[in-house]
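Please read the structure below before turning to the comments.
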Amino acid sequence: MAEAFNDKVLTGDKAARYAEVADEIASVLDGETNLTARMATVASMLASSFDHYFWTGFYVVDPLKERELVVGPYQGTLGCLRIAYGRGVCGAAAATGQTQLVEDVHAFPGHIACDGRSQSEIVVPVFDAAGELLAVFDVDSDKPAAFDTVDQAGIERILQATFG
C-alpha cells in the first residue's frame with residue numbers, strides 16, 4: 001500500500017495505488033454480473049484503500065422516480081436516502097453527466113450536508129455500456145481539498161472498467 005503521511009499520499013504513489021486497486025477489483029469481480037454486488041465491492045475496496053476517504057458509495061438512478069437518485073451500496077456513516085438531479089454535488093453530477101471535484105463542500109451551491117464532518121467531495125457519474133446513467137459514485141473526505149485530478153482519473157478508470 002502507498003505510504004501515507006498527514007492523510008496525503010504522494011501523487012505518484014496515489015496513482016500507482018489506484019492502478020493496483022483497479023487490478024484487485026477486476027480480479028475479485030471477474031465473472032460477477034450482479035450490479036449490487038459489483039457496487040458493494042467497489043465501494044468497500046476503495047474505502048479501505050485510501051486514508052482520505054471518509055464516506056464512499058453509490059447513489060443509484062431510481063427507475064420509479066424521474067430524475068432522482070436513491071442511496072445504494074456504501075461504506076461510512078448514514079447517507080442521504082434520496083437526492084434529486086441538480087441538487088447538491090451528487091445531483092449536479094447526475095444532471096450534467098460530469099465528474100464534480102469539490103475542494104470545499106460548504107462553498108458549493110446547494111450542498112447537501114448528509115454528514116456535517118464532510119469537507120470535500122468527488123462525485124463521478126457511472127454509465128453502463130450503452131452510455132446510460134446507472135448511478136453516481138460519491139466520495140467524501142473530512143479534510144478540505146482532499147481530492148485532486150489523480151483521484152478523479154483513478155476513480156473514473158475503475159468505474160469505466162467495472163460498469164461501462
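Quick note: the coordinates plus some simple rules give every number you see, no bench work behind them. It should be emphasised that the depicted structure is a prediction, and the values quoted were computed from it without experimental measurement. In this analysis, Cβ positions are derived from the backbone assuming ideal geometry, glycine residues included, and neighbour counts consider all displayed protein chains.
Find all pairs meeting these conditions: Cβ atoms under 7 angstrom apart; at least six residues apart or on different chains; first residue within region 97-119 and touching a residue at least 24 places away in the same chain (Cβ under 8 Å); second residue of a type in the set (Phe, Trp, Tyr) and not in a loop (DSSP other than H, G, I, E, B).
Filtered contacts from region 97-119: ASP115/TRP55; SER118/TRP55.
Can you pull out the residues in region 115-138 that are farther than 13 Å from LEU69 by Cα, of a type outside the set (D, E, K, R) and touching a Leu at 6+ places or on another chain (Cβ under 7 Å)?
Passing the criteria: ILE122, VAL124, PHE127.
Pairs please, first residue from region 70-94 and on the phi > 0 side of the Ramachandran plot, second anywhere and part of a loop (DSSP other than H, G, I, E, B), Cβ atoms under 6 Å, 6+ apart in sequence or on different chains.
From residues that are on the phi > 0 side of the Ramachandran plot, the pairs are GLY88/GLY110; GLY88/HIS111; GLY88/ILE112.
Out of region 22-51, which residues are in a loop (DSSP other than H, G, I, E, B) and either closer than 18 Å to ARG157 by Cβ or in contact with a helix residue (DSSP H, G or I) (Cβ under 8 Å, 6 or more places away or on another chain) (or both)?
ASP30, GLU32, SER49, PHE50
Residues being β-branched (Val, Ile, Thr), touching a Pro at 6+ places or on another chain (Cβ under 9 Å) and farther than 15 Å from VAL139 by Cβ: count how many of those fall in region 44-103.
Matching residues across region 44-103 total 2.
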